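Participant: First the structure, which I've put down as structure tokens, then a few questions once you've had a look.
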There are 2 protein chains.
Amino acid sequence: MYNVLVVKRTRIIDCLEKVGESVVVSGWVQVVRSHGKIAFLDLRDGSGTLQIGGFTESTVSAISALSSQDVVVVHGLVKKRDEKYVNSTLPTGIIELEAQEVTVLSKAGEMPFDMGGKQLHLELPTLLDHRTLSLRHPTVSAIFKIQETIVNSFKTTLKENAFTEIFVPTIVPTATEGGSEVFSIDYYGHKAYLGQSPQFYKQMMVPVFERVFTIAHAYRAEPSVTTRHLSEYVSLDVEMGFIDSFGDLMDMVEKILRNMFVAVKNNNQNELNALKKDILVLGEKPFPRIKMREAQEIILKRTAHDHTTEPDLDPSDEKEICQWALEEYGVPFVFITHYPTKKRPFYTMPDPLDPEYTLGFDLLGIQEEWVTGGQRINDYDMLVEKIKERGNKPEQFEMYLQAFKYGMPSEGGFAMGLERITKDMLGLSNIREASLFPRDMERVDERFSSR
Amino acid sequence: MYNVLVVKRTRIIDCLEKVGESVVVSGWVQVVRSHGKIAFLDLRDGSGTLQIGGFTESTVSAISALSSQDVVVVHGLVKKRDEKYVNSTLPTGIIELEAQEVTVLSKAGEMPFDMGGKQLHLELPTLLDHRTLSLRHPTVSAIFKIQETIVNSFKTTLKENAFTEIFVPTIVPTATEGGSEVFSIDYYGHKAYLGQSPQFYKQMMVPVFERVFTIAHAYRAEPSVTTRHLSEYVSLDVEMGFIDSFGDLMDMVEKILRNMFVAVKNNNQNELNALKKDILVLGEKPFPRIKMREAQEIILKRTAHDHTTEPDLDPSDEKEICQWALEEYGVPFVFITHYPTKKRPFYTMPDPLDPEYTLGFDLLGIQEEWVTGGQRINDYDMLVEKIKERGNKPEQFEMYLQAFKYGMPSEGGFAMGLERITKDMLGLSNIREASLFPRDMERVDERFSSR
């Protein structure tokens, strides 16, 4: 047998540069098409997909014997396709490989579903039960190549703006930040918890680095199953000191999101094609910023639904006000500021002109919340008072409070969930599609009900 | 009062470009030096430290009234220092700011220890008990600016080599990977665990992306306190498919580490100066690669200690063999390969020529383990057999095994602990110094003993 392994492997995408040359490629069989005297194989590796043709008795027979997901190595000749056979939807669509030898490295078991189609039509539980298989389909892996771009763009924008990346723990001593349920851990005989957010830690780093961000794991033990919540998610968190006003925070949010949309558009055209999705072009249009009470007035005028005394926007309000922003400002994003103080975390700065409302904001986009943030209380005494008002003990916040006791400037920040943003940017119907291995109350990899 | 906030703030490092101009700077008071008719203040912001001089009655009095960590805003004039007053250890050492107005934004409480010295001489428990304060000292924050460079360099090298970044969960269904103790969680009435590593998930992504890396949180509930272990740490994990041999993995480790050392050298000279540390220059010298049994023979010859029948190297062996590498190859790094199969995880590929030993490796560097890795078993049946041999049930690994059932090429990978690498690169004496908020059996932020 020709020893293919002594010849250096060529990545599929690099075959474009090797027309007329002999190469060795290897990867996973995506689909096989046998037509008697000729046979074709779509081969996928980490860089892309390539059509391979068998035109001799031995290669036709070897290709015809292959099944989806077999791992093979193919020795062959890179050829330009005839004009009429060019596949413009495939990055390698102008070439194909004429197989000379096909060797199976790892034979795949029989597929539980068809992996060969352009789309993968699976119900969500099946998609997740066979995650390591479904992810091999280009329309599923595309989501995570785009997610990688989202994270890179987030980091790049922040680094360009003098932020330091920090790494903070997920095991925390107290479960006192907010209303959501928390997971508890047996920690060497003590009780500890999984952090609901990196909030306290990023604030504590403001006097150290002034501007910080972190890509953190966050946990919510909410006992409900929705299409937009996960029990474990990746939180993109930002905190910045010396803000002049909480408008500085919204400016930074806008900058981050604008860059993200452009980055996905520029880097992921192949993935967007596979998903048959377009990415929004935001341009330079500013996102409107309105108070929650103003939003309620607008909604009243538009829908005749009077929610003007409600302490929050409900999902239908959020959709309506995004629609308003699109019609009035040409962007489906709107910052809602000045939520009631009682509805926001204890550390949120009340508006000095109207302390019943906060200098906090949510960015609503394309129907739901994308980002939440606000200016924080940076005065030690005020913060202690707010902790007490909520019925908590300042002693439980000792290390957090140290940061404020020893000199803290005006500061604020915001957070966005990576899976939520991925879902909404791509118009996915369920947040689980945007998590490699989603965790919820019914599943940790396997469904509890199937155990 | 002059309203300083209407004038745009200048970052300290940018004052270098503003000689002769009026600026507004703000930050934290590092140290105050009063000399009667003149007074000096070192001010720190996120970009650096600046000497500010008070030469009028009002500014001298304002500066003299300041304490360490007060947050202030200073309006003043940027001046070049006289040649004889240039401070070459400070990036802004050629300039100073002549204060015109000094305003306190946030008054700091009294310091529990002196923050004004060039070095911060604190016992580790004190350093950690006041983490939000100790981190403000340039010699402490420097560690984490370098850590940021280490992570960036890791990512950059991998992206340049066609790896995809993935995000994997920390909550896992089983506690069966290795021998270390695990933390258990109450997960909606089910038992779940904190992952000891992202091992299984990164392997499962090989058939999806071929080459992946992840910056993951990993947890070890080991009931001991050492200078080199944490209960929660950041794991830099890599996995790659289609390797020709496990030498490909070691090549990649070398590339990553070489680039890391260069990146720190190039990006963190100020931080290295603050820490009074030099960074190793590795050059192009290859790291030697020897089998564990060969290492034991070398140790026998050098020390007369006969460990040639031991199943592992002990810490004194590790130091000795690193010393040997330095003397013989000019680098304090050495790959030790072929540890006994019984001592490595079940998924490690045995050497086909000598199955009692594995195609696994550790990179020992400057006295201890930096990286651990190896080629994995990619054959489904062999993997199932190995799981059974260790007394585990294949059903517990169902989703993991799916990845191998449906076509898996030769593959392998490796992992390194971020805090460990930071510690060893900088010669820190305790790994806790390289974690913003270290977790161990005695501490989750606060010491349990002090509760």
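Where a number appears in this text, it was derived from the coordinates with a stated rule and is not lab data. Predicted model, so just to flag it, every value in this text is computed and none were measured. Quick reminder, even Gly has a Cβ in these numbers, built from the backbone with ideal geometry, and neighbours come from all protein chains shown.
Participant: At a Förster radius of 30 Å, what calculated FRET efficiency corresponds to the Cβ-Cβ distance of A:ARG33 and A:GLN269, to the nearest 0.05?
Facilitator: Result of the calculation: an efficiency of 0.70.
Participant: Follow-up question, since we're still on this one. Please give the Cα centre distance for segment B:240-309 versus segment B:389-437, rounded to the nearest Å.
Facilitator: The distance from the Cα centre of segment B:240-309 to that of segment B:389-437 comes to 18 Å.
Participant: By the gyration tensor of its Cα atoms, with a ≥ b ≥ c the square roots of the eigenvalues, what is the shape of segment A:4-106: rounded for a/c under 1.5, prolate for a/b over b/c, or oblate?
Facilitator: rounded
Participant: Could I ask something else about it? Just how far, in whole angstrom, is segment A:54-90 from segment B:22-86 if you go by their alpha carbon centroids?
Facilitator: When both Cα centres are located, 72 Å separates them.
Participant: Give the calculated FRET efficiency between A:THR89 and B:GLU284 to the nearest 0.05, with a Förster radius of 45 Å applied to their Cβ-Cβ distance.
Facilitator: 0.55
Participant: Once you sort the root eigenvalues of the Cα gyration tensor of segment B:324-451 as a ≥ b ≥ c, which label holds: rounded (a/c under 1.5), prolate (a/b larger than b/c) or oblate (the other case)?
Facilitator: Oblate shape, in that a/c is at least 1.5 and b/c is the bigger or equal ratio.
Participant: Give me the dipole magnitude in Debye, nearest 20, for chain B about the Cα centre, with unit charges on the beta carbon: positive for Lys and Arg, negative for Asp and Glu.
Facilitator: 1280
Participant: For segment B:52-128, what does the relative contact order come out to in percent, with C-alpha contacts under 8 Å and a separation of six or more?
Facilitator: It rounds to 37 percent for segment B:52-128.
Participant: By how many nm would the segment from A:ASN430 to A:HIS305 lengthen if fully extended, with 0.36 nm per residue of separation less the alpha-carbon distance?
Facilitator: Going from the current span to full extension adds 42.2 nm.
Participant: For A:ILE431, B:ILE336, what's the fewest-to-most ordering of other Cβ within 10 Å of each Cβ?
Facilitator: The order, fewest Cβ neighbours first, is A:ILE431, B:ILE336.
Participant: Counting only the backbone N, which residues of segment A:344-372 are under 13 Å from the spot 7 Å out from the Cα of A:ARG228 toward its beta-carbon?
Facilitator: A:362-372
Participant: Compute the relative contact order of segment A:4-106 as a whole-number percentage, counting only Cα pairs closer than 8 Å that sit 6 or more residues apart in sequence.
Facilitator: 29
Participant: Here's another thing I want to ask about it. Given an 8 Å cut-off on Cα distances and at least 6 residues of separation, report the relative contact order of chain A as a percent.
Facilitator: 12
Participant: Under 16 Å from a point 7 Å along the Cα-to-Cβ line of B:TYR329: which residues of segment B:246-276 have their amide N that close?
Facilitator: Residues B:246-259 qualify, since their backbone N sits under 16 Å from the label point.
Participant: Going by alpha carbons, how many degrees (0 to 90, nearest 10) lie between the helix axis of B:315-329 and the longest principal axis of chain B?
Facilitator: Helix B:315-329 sits roughly 80 degrees off the main axis of chain B.
Participant: Let me ask something else. Calculate, for B:ASP312 and B:LYS393, the FRET efficiency according to 1/(1 + (r/R0)^6) with r their C-beta to C-beta distance and R0 45 Å; round to the nearest 0.05.
Facilitator: Once rounded, the FRET efficiency stands at 0.95.
Participant: Quick check for me: using +1 on Lys/Arg Cβ and -1 on Asp/Glu Cβ, what's the dipole size of segment B:4-106 about its Cα centre, in debye to the nearest 20?
Facilitator: I would put it at about 80 debye.
Participant: In nm, one decimal, shortest first: how far is the label point of A:GLU294 (7 Å from Cα along Cα to beta carbon) from the matching points in the other copies?
Facilitator: Taking the point 7 Å beyond Cα along Cα→Cβ, the inter-copy spacings are 7.2 nm.
Participant: Check the straight Cα-Cα distances from A:LYS386 and name the lysines below 20 Å, setting aside those fewer than 8 residues away within the same chain.
Facilitator: A:LYS202, A:LYS342, A:LYS343, A:LYS405, B:LYS107
Participant: I've got another one for you. Students often forget the sequence filter, so: which aspartates and glutamates lie under 18 Å Cα-Cα from B:LYS8 once same-chain residues fewer than 8 apart are removed?
Facilitator: Straight-line reach from B:LYS8, under 18 Å: A:GLU210, A:ASP244, A:ASP248, A:ASP251, A:GLU411, B:GLU17, B:GLU21, B:ASP45, B:GLU98, B:GLU101.
Participant: For each of A:MET205, A:MET111, count neighbouring Cβ atoms within 10 Å of the residue's Cβ, then give the residues from fewest to most.
Facilitator: A:MET111, A:MET205
Participant: Please name whichever of A:SER88, A:GLY54, A:VAL104 sits farthest to the positive end of the charge dipole of segment A:33-112, dipole taken about the Cα centre and charges placed at Cβ: Lys and Arg +1, Asp and Glu -1.
Facilitator: After comparing all options, I get A:SER88.
Participant: I've got another one for you. DSSP beta bridges in chain A, what fraction antiparallel, as a percent rounded to 5?
Facilitator: Percentage antiparallel, nearest 5: 90.
Participant: Can you pull the mean other chain C-beta count within 10 Å for peptide A:196-207?
Facilitator: 3
Participant: Any idea what angle helix B:380-389 forms with the longest principal axis of chain B, computed on alpha-carbon atoms, 0 to 90 degrees, nearest 10?
Facilitator: 90
Participant: Please give the average number of partner chain Cβ atoms lying within 10 Å of the Cβ of each residue in B:34-45, rounded to a whole number.
Facilitator: Averaged over the peptide's residues, the number is 1.
Participant: What angle, in degrees between 0 and 90 and rounded to the nearest 10, separates the Cα long axis of helix A:138-160 from the longest principal axis of the Cα atoms of chain A?
Facilitator: 50
Participant: Next up: What number comes out for the charge environment of B:LEU359, summing +1 per Lys or Arg and -1 per Asp or Glu over other residues with Cβ under 13 Å away?
Facilitator: -3
Participant: Hey, another quick one. List B:GLU320, A:GLU385, B:GLU98 from most exposed to least, where exposure is judged by having the fewest other Cβ atoms within 10 Å.
Facilitator: A:GLU385, B:GLU98, B:GLU320
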